[in-house]
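Contents: one structure, followed by commentary.
The values are calculated or read from the model by the stated rules, or taken from the named source; none is laboratory data. It should be emphasised that the depicted structure is a prediction, and the values quoted were computed from it without experimental measurement. Cβ atoms come from the backbone with ideal geometry, glycine included; neighbour counts cover every protein chain shown. To get the accessible areas, we keep the full protein, side chains included, count just its heavy atoms, and leave off ligands, DNA and RNA. Shrake-Rupley method; radii C 1.70, N 1.55, O 1.52, S 1.80 Å.
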Amino acid sequence: MGHRAVSGLHRYCTYFDHRYLERGLAMIRSLRQVDPGQPITVLCLTPECMRELTRILEPGISLISLEDFEHANPALLAAKADRSTLEYYFTLSGSIVSYMLEKADLDDIVTYVDADLLFYSSVAPIYQEMGQASVGLIAHRYHWWKRSNIKFGRFNVGWASFRSDEIGRSAARWWRDRCLEWCHDYIDGDRFADQKYLDTMFTIFPNIVEITHPGANVAPWNLGRHRITGNDSEPLTVDGRWPLIFFHFQGLKETSPSVYLVNHLPYFAPFTRTVRNELYLPYATQLERIRAESGLKSPLSQSLLSRGSTKDRLPLRQRLFELRTLALRAAARWAGHYVGTKVLFIGPLPMPMMGQAYACEVFLEALKIRHTVDIIDLNKHELSHRTDILGRVFEVFSIILAARKKARTCACIYMNVSQSIPGNLKDLFIYLVTFEKLSRMTIHLHGEPGMRELLSSTHPWLRAINSFFLRRIGAVIVLSRHHVDIFSGLVTADRIQIVPYFAPKSLYLDAPDIVRKFSQTRPLRLLFLSNLLPGKGYLELIEAYRDLAPDIKENVRIDFAGGFESEKDEETFMDAIEFLPGIQFHGVVVGDAKTALFRNAHLFCLPTYYRYEGLPISMFEAFAAGCVVLTTDHSAIFDIFTPGESGFCVEKRSAASIREAIETAVSDPAALQRMALNNRQVADQYPVERYQDRLIKIVDDMMPVP
């Protein structure tokens, strides 16, 4: 340090094949951020790599195919015959640097960089330390307990800089020629692959410096002598003083889809929470994101430099090495030396087909397209809250254990929260066993009254415990602006997202079809489509129909669809409609049957006072299908419903109020058509794609980034 800064271009070169493509892209993108505007050349080692990079059109890089490079460097073909794939790739290091120097201007610096690096801060300190030297090399800096690894070379090839002057070019040519002569994956005196030649180069050429910045080339082999600190709000530093310039993710293996095993155990390197969450997890997530955006296939555990020997050379040694590798990987898994980039989805899924479960299913479909997803289904698969206590306790215990296990290999968590006291206790245990991931957890509240009560002064102990966890949670999703204040004092406003429900494409009716539907309102078709739970108002609707005058009743038909909480409730319902021929029960409906009911209905009825109601998804569906709505001022319904414009507001628990609304609807078909067309316009604001995209963006924001 203390040397004059250089003025020429920083020319970078690297090589990789299609199996390392996303790592190479991650390295290049991070390098462009810390040293913008400098040229980067990629030697594509396979035709697939060349084809994919040409297709992706990554800005700021130039490409060379291996075939063209070998044509320009015929000596490589002679060396290729007696070397494994790994060894031949090593042979290329000196050749690509020498090739680049021939095209560089005087005082330019050509730097070879490995594809598995990631840059975090400016590389200027490296070049400042290099000063006017002709070559700059970075030592491994092995921790004392792995100093025996010095036999593989003092310097690491991950970063090697050569100035375009006489000494720099001569040193690069010498390196190229030595690699052409001999470059194998075993130690032979003072030779090992392309790496140990750097030790000799350092002694025989003048004007070579060792780059000693502690933040350069931090890697598993030297992490034991360093301490990494930092988080989302603070830059990563080495030993509390030096900025982390780049980390070398050597040996990282994808052992199963979206699960990566690190290579710390062979070096006894610490795998701290910061190293896991701020280095490896963001890096692995970035690889997954690049793969998804670019349409690349996962190479899984395939390495760029597949280890292998030519013919029968050292077969026993090779076998022993492979056994050692397998043993270390097994030990690393046992020690928890892995990260996962999956999204852990915790929520109810059909059946039964409740609104929340349906909304979860729709989001999950879109989430699976973008991410690898691990799923924990919270659905009890029955509507009753009065299930076998021991069975339910066992089920909840299984959910908590699954959350604990799956959270280890996920990058972030999306979770639907409960509004009942038992359900909230389950949620609290999930928060506890996934505590490390709370800052990357999104919770989704699909209701209101139950959670409002849980977090109120009525339950001070529940509020206090929930507060402890909620202050640490990354994001909270609610259905309506009226639900934001539920979390007042517990969650900051910037972490609360409002995402209303949606209507599926299949239900949208065009205006001419709506006009045609309301040209015939005799009989007037009413639809109750929701699970028939206490508080949904279905019994009051039946009573209202029963009390209609005979002449009006003749012109009204009601379709009920949904499931019951218990057999007793179903029997009560069937008894109530037994002698009412104008009422038909369809059971649980999905798909075309559900679409047909909505499209034929004039008036959608949901006179709800249900305890856990939020903003019913069926309201959005009714709007899309051009239905007038009969409902109550309950929870957040008035967020999308306007009395007189959207339909009829009735009193809760009042059959008389419902009857009066039905009588008004029968008497004024023109008003019904006007309201139905208005509702259809409102539905345009809530397409299913918007719902999916907004939720995916929230989850994406929870994914770690370097």
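Could you list, in sequence order, all residues of segment 677-706 that are in contact with a Phe, Trp or Tyr (Cβ under 6 Å, 6 or more places away or on another chain) and either open to solvent by less than 20 Å² (accessible area, probe 1.4 Å) or among the hydrophobic types (A, V, I, L, M, F, W, C) (or both)? Scanning segment 677-706 gives N679, V682, A683, V688, Y691, L695, V699.
Just wondering, is there one or more residues in segment 43-62 that are of a type outside the set (A, V, I, L, M) and in contact (Cβ under 8 Å) with a residue 60 or more places away in the chain?
Looking only at segment 43-62, we keep the residues that are of a type outside the set (A, V, I, L, M), and these are 44, 46-49, 51-52, 54-55, 58-60, 62.
Retained after the next criterion (residues that are in contact (Cβ under 8 Å) with a residue 60 or more places away in the chain): 52.
Looking for residues that are of a type outside the set (A, V, I, L, M) and in contact (Cβ under 8 Å) with a residue 60 or more places away in the chain, one finds at least one in segment 43-62, hence yes.
In segment 233-249, how many residues are outside any strand (DSSP E or B), in contact (Cβ under 8 Å) with a residue 12 or more places away in the chain and under 19 Å from T285 (Cβ atoms)? Residues meeting the conditions: 4. Within segment 145-156, the set of residues being in contact (Cβ under 8 Å) with a residue 12 or more places away in the chain, surrounded by fewer than 21 Cβ atoms within 10 Å (Cβ to Cβ) and under 24 Å from Y89 (Cβ atoms) comprises N149, K151, F152, R154.
Note on segment 519-556: among residues that are farther than 16 Å from S667 by Cβ and of a type in the set (A, V, I, L, M), the one that is surrounded by the fewest Cβ atoms within 10 Å (Cβ to Cβ) is L539. Of everything in segment 409-426, what is in contact with a strand residue (DSSP E or B) (Cβ under 7 Å, 6 or more places away or on another chain) and either open to solvent by 20 Å² or more (accessible area, probe 1.4 Å) or on the phi > 0 side of the Ramachandran plot (or both)? Give them in sequence order. Listed by number, the list holds a single entry, T409.
Number of residues in segment 507-541 that are outside any loop (DSSP other than H, G, I, E, B) and under 24 Å from M675 (Cα atoms): the value is 18.
Contact map, segment 269-289: residues that are touching a residue at least 24 places away in the same chain (Cβ under 8 Å) paired with residues that are among the hydroxyl-bearing types (S, T, Y) and open to solvent by 30 Å² or more (accessible area, probe 1.4 Å), Cβ distance under 7 Å, separation 6+ or inter-chain. Pairs shown: T274/T229. The strands (runs of 3 or more DSSP E) found entirely in segment 567-666 that carry 3 or more residues being open to solvent by less than 20 Å² (accessible area, probe 1.4 Å) are 603-606, 628-631. Identification of helices (runs of 4 or more DSSP H) wholly contained in segment 1-76 with 2 or more residues that are open to solvent by 30 Å² or more (accessible area, probe 1.4 Å) and more than 30 Å from H213 (Cβ to Cβ) yields 47-56, 66-72. Mind checking whether some residue in segment 84-103 is more than 28 Å from F192 (Cβ to Cβ), open to solvent by 50 Å² or more (accessible area, probe 1.4 Å) and modelled with pLDDT of 95 or more? The answer is no; no qualifying residue exists.
Condition check for S161 on (1) within 22 Å of H248 (Cβ to Cβ); (2) surrounded by fewer than 17 Cβ atoms within 10 Å (Cβ to Cβ); (3) touching a Ser or Thr at 6+ places or on another chain (Cβ under 6 Å); (4) of a type outside the set (D, E, K, R): one failure, at (2). Scanning segment 187-195 turns up at least one residue that is assigned to a loop (DSSP other than H, G, I, E, B) and without any contact (Cβ under 8 Å) to a residue 24 or more places away in the chain.
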